[in-house]
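Working notes for the structure below.
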Amino acid sequence: MKTATIRLFLLFCTVALSIAAFADDQEKATKEIKKITSISVDSNMRAIVNRTMADMLKAKRLDLVKERQDMNLNYGDLFLAQQLAASGVKMDDIAAQLKSGKTMLDIANANHANWKEINSDAKKLNKKIDDNIEKSFTDAKKQAALNMADDYDAKADKVPADSNISKDEYAEAQARYTHLHDAAGAGLPTGDANGINQGPGVPPAVASGGKH
């Protein structure tokens, strides 16, 4: 009886630790995904996120734009959708579940998402995004040329879900933007959500962390 009790206790501890590890991986992955979303609020940064994600996924830039528009996904959720698709979940099924009112987080958990792997890939994507943002500060003409070559228009690449970020997430994105700008030692470009550059020009819904 004593041995059975010990085994049951050890099993309970193992399960509890597994659940805690899963929750931690999900929390870390979600944080990285939100970073992708929040930095995309500005049109210049959105162009870089689009290009960087397309390169990482080996996808066409305009295909990502179409998927966003078809499913009203911000770039963070689009990244998560692509991760699920890579694991075997059909994009049509994701779209259907979104229409039924589920969130990408709901869909990911229902499909037993590998949060540890998603967190790792999201970190890699954010690192590449940062690298490309720094490069864009020192060579804005090259970024414009890449957009033109790909027939990409950041102003057209916008969905309502892009503004679904909190005040804190918006502030963190601005801090990230400023840090990368300072690291590059270059002039600030003009963007439709660049609070440093535009001040009052920041869209009210975004500046307040609200939805529109």
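The values are calculated or read from the model by the stated rules, or taken from the named source; none is laboratory data. If you're wondering where the values come from, they're calculated on a predicted model, not measured in any experiment. Here the Cβ positions follow ideal geometry from the backbone for every residue, glycine too, while neighbour counts run over all protein chains shown. Side chains included, ligands, DNA and RNA excluded: accessible areas come from the protein's heavy atoms. Shrake-Rupley method; radii C 1.70, N 1.55, O 1.52, S 1.80 Å.
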Leaving ligands, DNA and RNA out of it, report the carbon-plus-sulfur percent of the accessible area of segment 65-170 at a 1.4 Å probe.
50
Separation of segment 156-176 and segment 67-141 by C-alpha centroid, Å?
15
Limiting things to C-alpha atoms, what are the Rg and the maximum Cα-Cα separation (Dmax) for segment 20-150, in angstroms?
14.9, 47
For peptides 161-172, 100-111, sequence by mean Cβ density within 10 Å, most packed first:
161-172, 100-111
Return a whole-number percent for the relative contact order of segment 55-144, with Cα pairs under 8 Å and 6 or more residues apart as the contact set.
23
Can you tell me the relative contact order of segment 22-95? Whole percent, Cα pairs under 8 Å, sequence separation 6 or more.
29
